[in-house]
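All remarks here apply to the structure that follows.
The values are calculated or read from the model by the stated rules, or taken from the named source; none is laboratory data. Note that this is a predicted model, so its numbers are computed, not measured. Glycine also receives a Cβ, built like all others from the backbone with ideal geometry; neighbour counts cover every protein chain displayed.
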Amino acid sequence: MKINKLYILGAFTSLLLFTSCVDDINEDPNRPSSVPTTSLITSSEKLLVDNLRSEQVSLRGSILFVQYFSQNTYTTQSRYDIPFSYSDDYWKGLYKTLNNLEEIIRLNTDPATKDVASANGIGRNSTQIAISRILKTYTFYALTDVFGNIPYQSYGNKDADFQALQQNPENITPAYAPQEKIYADFLNELKAASDTLLKYPDDSTFNKADIIYRGKHLKWAKLANSLRLRFATRLKEKDSALYRQHFEDALSKGVFTSNSDNAAFKYSGTSPNEAPLYRATVTANRKDFAVSHILVDLLKGSNPALPVADPRLSAYALPATATNTYIGLPYGLANDQAGKFSANNVSLPGAAINAANYAEILMEYSEVAFLISEYNNWSQNDYQAGVRASLEKWGVAADKVTDYLSKLPAANQKNVLTQKYIALYMQGLEAWSEYRRTGFPDFLIKEGDIIFEGEIEANTVTYRFDPLFGDGGVPSRLYYPTKEQNVNRANYQQALSAQGSDKIETKPWIFKN
């Protein structure tokens, strides 16, 4: 079956790349070495972000789960009816990404190809491998945080449970690695990759073919160490020694210190390379998504958890065209209820985030500051640094930054994590993961909560949240792909035995208390 090739290199499909970087590519399955690593890095980065921020798993998944957006029409995803096809496409797309990155490593390792791979100033073999290891770690994170145990592969660890991407001999039915092992290996992979890049701080690898950092080693090393803060913090309650070890080592070697370090993939303003939200709304001529009443009320200062008006509101949302005021769409409406709220009477996503050339953030300095605040027992200075960084990233004027910071409640777990939630806007996966880890923000809608009370067509109505699946709260994961159940059934069943039923309420290991 063709689906088996998800775990080996095989022939990857033609990818539309940015014309300023490389031409369209089609790999000859009999001559994989004919594809330059510059083409592979561009395609890998775009595939990663396309899938990470896809309409299916992001806009109709994690962005809804954390209630940044609400749905105007076809509202079943906000009530947790998630089609299996969403998982199929996401899984397939990210394993394609991993195969591309693994091919970069192979070309830089094989004696027959490594000299060609590093020719013409593309970069050292070791640094091409290091950047690929960082991106592989990020891609595996995008899989394991969604599903739990997954087929996993490591460059530096030949653990028998790590069977994905095996080619010689090919393994089309890899085992699912335990998430506990996966997370520990993330930290080691990122440390090794950063250490390699820091040996050559003034060098460049991949150059303009690298859309994220244009090949700058120090930027990539900072990303690797900043991601270590993120992933180590996931292990805070599970392995405090490992948490402290990697957190301190990452800090000592350099993490993000300003917005200039932010890792972003900037899309093109022209077809077919526009950003995912733009494609789902402007290109498709649809208005399926509005900003939720949860987020709008929070930013207006109407939520008692943070009774301070937030100047980011004008960037996050548009005023409703009918009233020129900010009105959030009630989250989790049934289809017939959603039909009562015209798109002209609610706030749609802001112009900046709905631009064709939007820069999708993979990680930013504000998150790093909040992670450091948590490590330092919810320190005030790091908390304020995180809020300031987010405000400045969104273009808030200096006087408004100062005013907002002066009104903030003091740092503590709830206040830091509420600000982190605001700052992670449009980074659906990480916001969802943080909610599953911490339970904050603690005001997200759950089953039975009132989502709207008021007049509709001259009648007084009360709408309550009525999810279609799950246990009444935010989903803990997505279903495994249906193709896995057919192609890799024995290992799929073993994963369920280890993790729990294939349901959206089953918590992956990393999010279990």
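Please indicate, with yes or no, whether at least one residue in segment 263-270 is among the basic types (Lys, Arg), surrounded by fewer than 19 Cβ atoms within 10 Å (Cβ to Cβ), in the same structural domain as residue 183 (by TED's automatic domain parsing) and not in a helix (DSSP H, G or I). Within segment 263-270 (the criterion being among the basic types (Lys, Arg), surrounded by fewer than 19 Cβ atoms within 10 Å (Cβ to Cβ), in the same structural domain as residue 183 (by TED's automatic domain parsing) and not in a helix (DSSP H, G or I)), the answer is no, since none of the residues qualifies. For segment 446-486, a residue qualifies if it is in contact with a strand residue (DSSP E or B) (Cβ under 6 Å, 6 or more places away or on another chain) and in contact (Cβ under 8 Å) with a residue 24 or more places away in the chain, and the qualifying residues are 448, 451, 452, 463, 465. Has segment 374-388 got at least one residue that is crowded, with 21+ Cβ neighbours inside 10 Å and within 24 Å of residue 509 (Cα to Cα)? Yes, segment 374-388 contains at least one residue that is crowded, with 21+ Cβ neighbours inside 10 Å and within 24 Å of residue 509 (Cα to Cα).
In segment 256-290, which residue that is aliphatic (A, V, I, L, M) and within 19 Å of the chain's Cα centre (by Cα) is nearest to residue 47 (Cα to Cα)?
Looking only at segment 256-290, we keep the residues that are aliphatic (A, V, I, L, M), and these are 263-264, 275, 277, 280, 282, 284, 290.
Then keep just the ones that are within 19 Å of the chain's Cα centre (by Cα); that gives 263-264, 275, 277, 280.
On the way: 263: 16, 264: 14, 275: 12, 277: 15, 280: 17 Å.
Only one residue fits best here, namely 275.
Checking the stated criteria, residue 444 turns out to be surrounded by 14 or more Cβ atoms within 10 Å (Cβ to Cβ), under 28 Å from residue 354 (Cα atoms) and modelled with pLDDT of 95 or more.
So that you can scan it fast, the table gives a plain yes or no per residue for (1) hydrophobic (A, V, I, L, M, F, W, C); (2) touching an Asp or Glu at 6+ places or on another chain (Cβ under 8 Å); (3) outside the structural domain of residue 201 (by TED's automatic domain parsing):
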position: 109; (1), (2), (3): no, no, no
position: 126; (1), (2), (3): no, no, no
position: 137; (1), (2), (3): no, yes, no
position: 140; (1), (2), (3): yes, no, no
position: 151; (1), (2), (3): no, no, no
position: 155; (1), (2), (3): no, yes, no
position: 159; (1), (2), (3): no, yes, no
position: 162; (1), (2), (3): yes, yes, no
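Helices (runs of 4 or more DSSP H) fully within segment 368-478 that include at least 1 residues being closer than 30 Å to residue 250 by Cβ and polar (S, T, N, Q): 380-393, 413-423, 428-438.
Exactly one residue out of 356, 352, 369 is within 21 Å of the chain's Cα centre (by Cα) and surrounded by fewer than 17 Cβ atoms within 10 Å (Cβ to Cβ): that is 352.
Which one of 175, 209 is in the same structural domain as residue 97 (by TED's automatic domain parsing), surrounded by fewer than 22 Cβ atoms within 10 Å (Cβ to Cβ) and under 21 Å from residue 96 (Cβ atoms)?
That would be 175, the only listed residue that is in the same structural domain as residue 97 (by TED's automatic domain parsing), surrounded by fewer than 22 Cβ atoms within 10 Å (Cβ to Cβ) and under 21 Å from residue 96 (Cβ atoms).
Taking segment 483-506, which residues are modelled with pLDDT of 95 or more and farther than 14 Å from residue 150 by Cα?
Let us first name the residues in segment 483-506 that are modelled with pLDDT of 95 or more, namely 488-506.
Once the filter is applied, which keeps residues that are modelled with pLDDT of 95 or more and farther than 14 Å from residue 150 by Cα, segment 483-506 yields 501, 503, 504, 505, 506.
Looking at segment 344-403, which of its residues are polar (S, T, N, Q) and within 18 Å of residue 416 (Cα to Cα)? So that I can check it myself, show each step before the final result.
Step one: of segment 344-403, the residues polar (S, T, N, Q) are 344-345, 347, 354, 357, 366, 373, 376-377, 379-381, 384, 390, 402.
366, 373, 376, 377, 379, 380, 381, 384, 390, 402 - these are the residues of segment 344-403 that are polar (S, T, N, Q) and within 18 Å of residue 416 (Cα to Cα).
Screening residue 144 against (1) outside any loop (DSSP other than H, G, I, E, B); (2) surrounded by fewer than 16 Cβ atoms within 10 Å (Cβ to Cβ) leaves a single unmet condition, (2). Only one of the numbered conditions (1) acidic (Asp, Glu); (2) within 21 Å of residue 48 (Cα to Cα); (3) surrounded by fewer than 22 Cβ atoms within 10 Å (Cβ to Cβ) is not met by residue 102, and that is (3). Of 342, 314, all but one fail to be touching a Phe, Trp or Tyr at 6+ places or on another chain (Cβ under 9 Å), among the small types (Gly, Ala, Ser) and not assigned by TED's automatic domain parsing to the domain that holds residue 51; the exception is 314.
Which of the residues belonging to segment 447-471 are touching a Lys or Arg at 6+ places or on another chain (Cβ under 6 Å) and either surrounded by 12 or more Cβ atoms within 10 Å (Cβ to Cβ) or aliphatic (A, V, I, L, M) (or both)? Give the derivation first.
Looking only at segment 447-471, we keep the residues that are touching a Lys or Arg at 6+ places or on another chain (Cβ under 6 Å), and these are 448, 450, 456, 467-468.
Passing the criteria: 450, 456, 467, 468.
Might you let me know whether segment 38-53 holds any residue that is in a loop (DSSP other than H, G, I, E, B), at pLDDT 95 or above and either surrounded by 24 or more Cβ atoms within 10 Å (Cβ to Cβ) or of a type in the set (Ser, Thr, Tyr) (or both)? Scanning segment 38-53, I find at least one residue that is in a loop (DSSP other than H, G, I, E, B), at pLDDT 95 or above and either surrounded by 24 or more Cβ atoms within 10 Å (Cβ to Cβ) or of a type in the set (Ser, Thr, Tyr) (or both), so the answer is yes.
Within segment 171-180, is even one residue more than 19 Å from residue 95 (Cα to Cα) and touching a residue at least 12 places away in the same chain (Cβ under 8 Å)? Yes, some residue in segment 171-180 is more than 19 Å from residue 95 (Cα to Cα) and touching a residue at least 12 places away in the same chain (Cβ under 8 Å).
What number of residues within segment 146-183 are on the phi > 0 side of the Ramachandran plot and touching a strand residue (DSSP E or B) at 6+ places or on another chain (Cβ under 6 Å)? Full working, then the answer.
Of the residues in segment 146-183, the ones on the phi > 0 side of the Ramachandran plot are 148, 165.
Right, trim to touching a strand residue (DSSP E or B) at 6+ places or on another chain (Cβ under 6 Å) and you get none.
Adding up the residues that qualify gives 0.
Scanning segment 65-84 for residues that are part of a helix (DSSP H, G or I), under 20 Å from the mean Cα position of the chain (by Cα) and touching a residue at least 60 places away in the same chain (Cβ under 8 Å) yields 65, 78, 84.
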